[in-house]
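A quick write-up on the structure given underneath.
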Amino acid sequence: MIKYHGCMRFDDRTLNGLGVLAAVVRSGNFAEAGKSLNMSQSGVSRAIARLEARLGIRLLERTTRTVTLSEEGRRLYELIVPLLAGLEEAAASVATSKDAVRGTLRVNMDPFISQLMLGPQLSRFLKRFPSLKLELIALDRLGDLVADGFDLAIRFGEPRPSALVARKLLETRVLTVASPAYLRKAGRPTHPSELEHGNHRLIDFRDPRTGRAFDWDFRQGRKEIRINSNAQLLLSDVPTVHAVCLAGYGITQVLELGTESLIQSGRLEVIFPDWLDERFPLYALHPSRNYLPPKTRAFLDFVIETVKSPNLTSSQI
């Protein structure tokens, strides 16, 4: 629990201070927060100082280059996020649906999903909501969603236990693939266990959460196999994995999402078609359990529509 010094009366000055605090967290510094609030940098600093004085706690740790939440500031921020979101939604409810989607939305995106949504899809979304400013930040890991000032995250993999709300958007199959040229040269393995014998070149993909290669798992109904790849090559981004595999270097595991056109065109071939039950999830994560602001809901609907489109393939990257 956050302990406040003395008896504090909640009024419009406190509410304004909380709004300024939220802007500082989202922006990362006083200057950018001031721009978003149409305030001077010194005005933002004074508002935070007044709020800290009224609460009797230090909310932000300041250095010459960075501004970060203190431990008590973080607890307070996690409590006020759903409340401020609720106020925003209440205000937006009196406007038209188009005009309700406004302000700045900061999204932490898996780089591959970010690439899949570039082009016509994202352009149409932004044209539909001209009052919305979208900050789409492609990062290889989630980090601290609240402290980093993000409204939403779109990430692959099962989320770790936290206070964030997690919504599964889809599951995509894990495919083992190689180019026809590689298979003609090295031969086609008929069982996953053959990949451990050292007769094939394998391409590992780096798990950003651990820094190590993803495990090579195969599933057929209730049967599960995990092999030791002992790969010489470890890559960290999907386009490079595709490029190296297409060039005929070796065998790799990829997500079916975004790879369909490469398989349909025959540029990549699926190995072990009887072992395709291993799946990988895509989640949306956001901090508020009670309210989802219109801007967040609109973008989340766009993501769901886009990633489930049958026309979304790697040919769009």
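Every number here is computed from the coordinates shown, using simple stated rules; none is lab data. Source: prediction; values computed, not measured. Reconstructed Cβ throughout: ideal geometry from the backbone, glycine too, with neighbour counts over all protein chains shown.
Computed quantities for the displayed model
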{"item": "Relative contact order of region 146-267, pairs being alpha-carbon contacts under 8 Å that are 6 or more residues apart, as %", "result": "34"}
{"item": "Between helix 41-55 and the chain: long-axis angle, C-alpha atoms, 0 to 90°, nearest 10", "result": "80"}
{"item": "Exposed chymotrypsin sites (Phe, Trp or Tyr not before Pro) absent: longest stretch of the chain, with sites in DSSP loops and at most 13 other Cβ within 10 Å deemed exposed", "result": "11-317"}
{"item": "Trypsin sites (Lys or Arg not before Pro) lying in DSSP loop within region 202-290, provided at most 14 other Cβ fall within 10 Å", "result": "Arg209, Arg212, Arg222, Arg289"}
{"item": "Contour minus Cα-Cα distance for Asp215 and Ala186 (0.36 nm per residue)", "result": "8.2 nm"}
{"item": "Rounded, prolate or oblate (a/c below 1.5 giving rounded, otherwise prolate when a/b exceeds b/c) for the chain by Cα gyration tensor", "result": "prolate"}
{"item": "C-alpha long axis of helix 71-92 to longest principal axis of the chain, angle in °", "result": "90"}
{"item": "Region 170-279 shape via C-alpha gyration tensor axes, a/c threshold 1.5", "result": "rounded"}
{"item": "DSSP beta bridges in the chain [antiparallel fraction, %, rounded to 5]", "result": "65"}
{"item": "Per-pair calculated FRET efficiency, R0 = 25 Å: Arg279 and His197 via Cβ, rounded to 0.05", "result": "0.40"}
{"item": "Linear extension gain, Gln264 paired with Gln232, 0.36 nm per residue minus alpha-carbon span", "result": "8.7 nm"}
